[in-house]
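Since the structure comes first, as structure tokens, the remarks are kept for the end.
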Amino acid sequence: MADPTEKERLDVVEPKVAELLATTERLTLELHRVSERVLVLERRLSGTGWSGDEDLDEIDDQVRDTVAALRSAWDAEQELLADSVRVELRQEVAEFDSLRERQEAGQRKLAAGRITRFERDTIDHEVNNLEWQIEVRTPSAAQAAARLQSDAIAGEESWRREAVIAGEKARQEIRDAARRRVEYTLGSYRRPPVWFTIGLGEVSTPDPTPWLRAAIGLVAYRLEYGVRSPVTPLGDPPSPASGSSAWVRRYNTYTDLNAQLAALRP
């Protein structure tokens, strides 16, 4: 077999050389990125890497009107039921009404008289059982109906509707403000608050997206709900027990953020 020509040898070697060069370039870029990160960490550990402290949840002129709109929405939603609660209450009332309809239908059959003794005994037993269920569930159903009525009345108040709509707009604005604050803090090497560091730790790598999403959500949450704890990132856990739209939303947001922060911990 004849020895390979120079061109044939080059055809084999050149792709391998190109691959090695590309790999070297990638490793060089990664080494540069890691070196920069190590430098930042060294400066922070030595106390020379910060250009000052940053108050991420300060209510300044840039967010004061937005926060005021959120506070108004909070007050307005105290008398409004959360959608999930409203669905549950309507279901409870509907089930109670169904029991009464079944009881009345059975009573009409018994009153008609044109049934066998076996049918009468069966219907009579069912009617008595329904009567017991209705008696047990009457207080809860009455309370559910009253809450739905109060919710409907509150929902018709124009000032309340306007405040809720303004709050939805302000909620997006406060997230935008939170994003700007987080990005400024990172870009200027400002020292973040203790609660921020406790909650989030260092920026996650290689993909910082989950960390950034949690950071923005955390700052927005503290601004919206006035959390001022210097150590606890989310403050005290809220309770959704009232069923109001305001408290259920806060509880859901708290739960979601708490899960995001937990996912960042090693």
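Annotations
- Failed condition for residue 23, given (1) assigned to a helix (DSSP H, G or I); (2) modelled with pLDDT under 75; (3) over 35 Å from the mean Cα position of the chain (by Cα): (2)
For every residue, the table says whether it meets (1) among the hydrophobic types (A, V, I, L, M, F, W, C); (2) touching a Lys or Arg at 6+ places or on another chain (Cβ under 6 Å); (3) within 30 Å of residue 155 (Cβ to Cβ).
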site	(1), (2), (3)
206	no, no, no
209	no, no, no
218	yes, no, no
222	no, no, yes
232	no, no, no
241	yes, no, yes
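- The residue list 115, 123 contains one member that is more than 30 Å from residue 87 (Cα to Cα), at pLDDT below 95, of a type in the set (A, V, I, L, M, F, W, C) and not in a helix (DSSP H, G or I), which is 115.
- Answer residue from segment 166-183, given it is among the charged types (D, E, K, R) and in contact (Cβ under 8 Å) with a residue 40 or more places away in the chain and is surrounded by the most Cβ atoms within 10 Å (Cβ to Cβ) among those: 181
- Being in contact with a Lys or Arg (Cβ under 9 Å, 6 or more places away or on another chain) and not charged (D, E, K, R) holds for only one residue in 115, 165, 174, and it is 115.
- Set 117, 71, 86, 64: member being under 41 Å from the mean Cα position of the chain (by Cα), farther than 30 Å from residue 228 by Cβ and basic (Lys, Arg): 86
- For segment 102-110, the criterion of a residue being of a type in the set (Asp, Glu), surrounded by 11 or more Cβ atoms within 10 Å (Cβ to Cβ) and either within 32 Å of the chain's Cα centre (by Cα) or within 23 Å of residue 221 (Cβ to Cβ) (or both) is satisfied by no position.
- The set of residues in segment 184-225 that are among the small types (Gly, Ala, Ser) and without any contact (Cβ under 8 Å) to a residue 40 or more places away in the chain comprises 187, 215.
The values are calculated or read from the model by the stated rules, or taken from the named source; none is laboratory data. If you're wondering where the values come from, they're calculated on a predicted model, not measured in any experiment. Reconstructed Cβ throughout: ideal geometry from the backbone, glycine too, with neighbour counts over all protein chains shown.
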